[in-house]
Amino acid sequence: MPIAENLTAIRDRITAAAHGAHGRPEEITLMAVSKTHPPERIREAYAAGQRVFGENRVQEFAAKLSSLADLTEAEYHMIGHLQTNKSAKAAELFAAVDSIDSLTLAEKLDDASRELKKTLDVLIEINVGGEAAKTGIAAESEELEKLLRAAPRLEALRFRGLMTVPPFTEDPEGARPYFRKLRELRDTIAARKLTAIKMDVLSMGMSHDFEVAIQEGSTCVRVGTAIFGKRQTISPQSHRVTEKI
């Protein structure tokens, strides 16, 4: 199916899920995960009304950006693991970094954003499943507490909420306990009314489980495969594309 038809179908599903959860569909952001996809596919989504996109590699996105410069209303978020040595470039390229997983990374992004004289929206990535192979901060950890308390001095960062990638299960219902855990953590942090910490964004849910995530309070769903189809790999030099097996 063309991207425009995919987007329409997903928006309809978001609306149905939000109404089923007694929520407002207009308060849920659909992020098109455009990582591994070439500029032409992003343009197609943009033409169909999509405005928020997620990328997970600084170098890959930097290679694509010049081909997208005229898409003036597009908003690009870094959603993958970000190495500290790429923080300056990430601060330059992205409107938001949704994968803060350490105080050190937050400090680097703050320094870079100050140099650029810009304010960078950020989300704290939480490893809700405690998986060793995944990045993110443990839900109840000293590192999370240090990051929350450091926020007032990180003046170039605007802490907006939390993000997670739960353990994968074939059955979307298997993700529900993890989505609920993130929502409960968000509520706990919000109740503390910490200086410079807002908790209005809860980014959780992907192509196969976003409806469950919405039922559990997601305000941003990150959908890639259901919009763009199979994953692809892109040569940074040529933008040549090959299908990922």
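Any residue in segment 108-116 that is in a loop (DSSP other than H, G, I, E, B), acidic (D, E) and surrounded by 15 or more Cβ atoms within 10 Å (Cβ to Cβ)?
As a first pass, look at segment 108-116 and keep what is in a loop (DSSP other than H, G, I, E, B): none.
No, segment 108-116 contains no residue that is in a loop (DSSP other than H, G, I, E, B), acidic (D, E) and surrounded by 15 or more Cβ atoms within 10 Å (Cβ to Cβ).
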Hits in segment 26-50 (condition: free of Cβ contacts under 8 Å to residues at least 40 places away in the same chain, of a type outside the set (V, I, T) and in contact with a Lys or Arg (Cβ under 8 Å, 6 or more places away or on another chain)): none
Any residue in segment 111-128 that's in contact (Cβ under 8 Å) with a residue 12 or more places away in the chain: show its pairings with residues that are part of a strand (DSSP E or B) and small (G, A, S) at Cβ separation under 6 Å, as long as the two are six or more apart or on different chains. D121/A96; L123/G161; L123/S203; E125/S99
Note on segment 66-78: residues surrounded by 15 or more Cβ atoms within 10 Å (Cβ to Cβ) and either touching a Cys at 6+ places or on another chain (Cβ under 7 Å) or farther than 19 Å from L30 by Cα (or both) are L68
Hey, any hits in segment 228-245 for a residue that's in contact with a helix residue (DSSP H, G or I) (Cβ under 9 Å, 6 or more places away or on another chain), assigned to a helix (DSSP H, G or I) and either modelled with pLDDT of 95 or more or under 14 Å from T36 (Cβ atoms) (or both)? yes
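Would you kindly identify the strands (runs of 3 or more DSSP E) lying entirely within segment 15-98 that contain at least 1 residues that are at pLDDT 95 or above and among the polar types (S, T, N, Q)?
It comes to 29-33.
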Looking only at segment 196-227, which residues are in a loop (DSSP other than H, G, I, E, B) and charged (D, E, K, R)? D209, E216
Tally time: how many residues in segment 164-212 are touching a residue at least 40 places away in the same chain (Cβ under 8 Å), farther than 19 Å from K146 by Cα and among the basic types (K, R)? 2
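Okay, residues lined up against (1) over 28 Å from D200 (Cα atoms); (2) of a type in the set (A, V, I, L, M, F, W, C):
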| site | (1), (2) |
| --- | --- |
| E5 | yes, no |
| H37 | yes, no |
| R43 | yes, no |
| N56 | no, no |
| Y76 | no, no |
| L82 | no, yes |
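The values are calculated or read from the model by the stated rules, or taken from the named source; none is laboratory data. Values in this document were obtained by computation on a predicted structure and should not be read as measured data. Every residue, glycine among them, receives a Cβ derived from its backbone with ideal geometry; neighbour counts consider all protein chains shown.
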